Amino acid sequence: MDACVRLAELAELNGDFEISLDTLEKGIAIDPYAENLYQRAIKLLVSLRRSAVAGQLFQQLRTRLNDLDLEPDPETVRLLKQTLSSAVVGSVSDPNSRRTFSATSRENFKMEECRQIQIL
């Protein structure tokens, strides 16, 4: 997983955000419990103003961790709150960007559901 993180970092530094997201998505597919990969992807999605997708990804992580009777790390929860606050501010999303993570695209996730998540 360290290689995925490093490749994603390098792609992001070069401005190749889609490559960075693809790399993180592949890492998550390999290890669906690697919370650090979710955190990096959520941070990047928030910076790209893709709050809905970041919320989907958080929900995916939460579901997976719930299978192990675990909760997301407080840092991941903070990222979710940042996502929600940036969505409330009314950020402008890129109309050409319809990216979703493949594992969540079938879940028909709505941003309103993300707002209702009870963070314990």
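Restricting attention to the stretch 42-70, the residues that are of a type outside the set (A, V, I, L, M, F, W, C), surrounded by fewer than 20 Cβ atoms within 10 Å (Cβ to Cβ) and assigned to a helix (DSSP H, G or I) add up to 9.
Quick check on GLN39: is it surrounded by 13 or more Cβ atoms within 10 Å (Cβ to Cβ), touching a helix residue (DSSP H, G or I) at 6+ places or on another chain (Cβ under 6 Å), more than 20 Å from ILE19 (Cα to Cα) and at pLDDT 85 or above?
Criteria not met by GLN39.
Just one of (1) in contact with a helix residue (DSSP H, G or I) (Cβ under 8 Å, 6 or more places away or on another chain); (2) more than 18 Å from ILE19 (Cβ to Cβ) fails for THR63. It is (1). Of all residues assigned to the stretch 90-106, at least one qualifies as being outside any helix (DSSP H, G or I), modelled with pLDDT under 90, in contact with a Leu (Cβ under 6 Å, 6 or more places away or on another chain) and of a type outside the set (S, T, N, Q).
Inspect the stretch 24-33 for any residue being in a loop (DSSP other than H, G, I, E, B) and either within 9 Å of the chain's Cα centre (by Cα) or within 21 Å of ARG78 (Cα to Cα) (or both) and give the result as yes or no. Among the residues of the stretch 24-33, at least one is in a loop (DSSP other than H, G, I, E, B) and either within 9 Å of the chain's Cα centre (by Cα) or within 21 Å of ARG78 (Cα to Cα) (or both), which makes the answer yes.
The values are calculated or read from the model by the stated rules, or taken from the named source; none is laboratory data. What you see is a predicted model, and the numbers here were worked out from it, not measured in a lab. We place every Cβ from the backbone using ideal geometry, glycine too, and count neighbours over all the protein chains shown.
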